[in-house]
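Contents: one structure, followed by commentary.
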Amino acid sequence: MKMGSMRLFHKNQRGVTLIELAIAIGITGSIMAGVSNGIFQIITINADSNAHMMAIKQVENALHWIGRDAQMAQIVETTDDPDPDVDKFPLTLRWTDWDNVDNVVEYDIDDEGNLIRRHTQWVDTTESTVARLIDSDVDSTNCTWDSDARKLTLQITATIPWSGQEASETRTSEISPRPAI
């Protein structure tokens with residue numbers, strides 16, 4: 001075998017032209033842009049969904065705890081201030097258990113948007129946060145007591161900030177406490 005006969009390319013073969021290379025890079029870039037955009041959309045939709053689900057859970061927690069206590073209450077007290085800027089909280093619920101133990105539960109929203117539950121039984125008071133990121137604006141979160149109909153109406157809004165946007169959930173519930181004895 002002669003050294004000259006071992007060529008890597010045949011005489012008629014050519015390399016890739018600059019135009020073919022540019023087209024290949026363009027097609028690859030378009031495909032990658034589409035894939036990247038799809039991934040970004042999936043991540044964004046997932047984050048939107050997670051933030052909204054978090055808002056729903058906070059509202060459900062608030063309504064669960066207040067509803068539970070309100071159904072046991074014999075006495076319901078809200079802030080009856082005629083000023084529309086008052087948030088209508090604190091909400092105070094009172095009842096006496098079957099074993100003559102007095103219970104007082106007070107709900108209030110702190111400056112950070114936490115819905116705080118204070119339960120006093122005898123002289124012991126426990127405090128817990130039942131929901132977070134509750135909107136304290138009176139148009140978004142409020143409670144009203146209709147003593148004639150014996151009906152507590154709650155409107156709770158949770159607003160979850162994320163990525164420069166907000167996810168919000170508002171729910172309204174009507175609760176009828178047990179009759180006063």
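Pairs please, first residue from region 56-75 and part of a helix (DSSP H, G or I), second anywhere and crowded, with 16+ Cβ neighbours inside 10 Å and among the acidic types (Asp, Glu), Cβ atoms under 9 Å, 6+ apart in sequence or on different chains.
If the second residue must be crowded, with 16+ Cβ neighbours inside 10 Å and among the acidic types (Asp, Glu), the pairs left are Ile56/Glu169; Lys57/Glu169; Gln58/Glu169; Val59/Glu169; Glu60/Glu169.
Keeping to region 138-159, report how many residues are without any contact (Cβ under 8 Å) to a residue 12 or more places away in the chain and part of a strand (DSSP E or B).
So the answer is 1.
Which residues, taken from region 125-137, are assigned to a loop (DSSP other than H, G, I, E, B) and either in contact with a Ser or Thr (Cβ under 6 Å, 6 or more places away or on another chain) or within 11 Å of Leu115 (Cβ to Cβ) (or both)?
Scanning region 125-137 gives Arg132, Leu133, Asp135, Ser136.
Against the condition part of a strand (DSSP E or B) and farther than 30 Å from Asn50 by Cα, how does Thr172 come out, does it pass? Steps first, answer last, please.
Values: part of a strand (DSSP E or B): yes; farther than 30 Å from Asn50 by Cα: no.
For Thr172, the condition - part of a strand (DSSP E or B) and farther than 30 Å from Asn50 by Cα - is not met.
Can you report the number of residues in region 75-120 which are of a type in the set (D, E, K, R) and modelled with pLDDT under 90?
Matching residues across region 75-120 total 9.
When you check Glu127 against the structure, is it of a type in the set (D, E, K, R), within 25 Å of Met72 (Cα to Cα) and crowded, with 17+ Cβ neighbours inside 10 Å, yes or no? Steps first, please.
Values: of a type in the set (D, E, K, R): yes; within 25 Å of Met72 (Cα to Cα): yes; crowded, with 17+ Cβ neighbours inside 10 Å: no.
In short, no.
Please find, among Thr120, Thr44, Thr141, the residue that is of a type in the set (Val, Ile, Thr) and farther than 20 Å from Ala167 by Cβ.
Going through Thr120, Thr44, Thr141 in turn, the sole match is Thr120.
The values are calculated or read from the model by the stated rules, or taken from the named source; none is laboratory data. Predicted model only: the values in this text are computed from it and were never measured. Cβ coordinates were reconstructed from backbone atoms using ideal geometry, including for glycine residues, and neighbour counts include every protein chain displayed.
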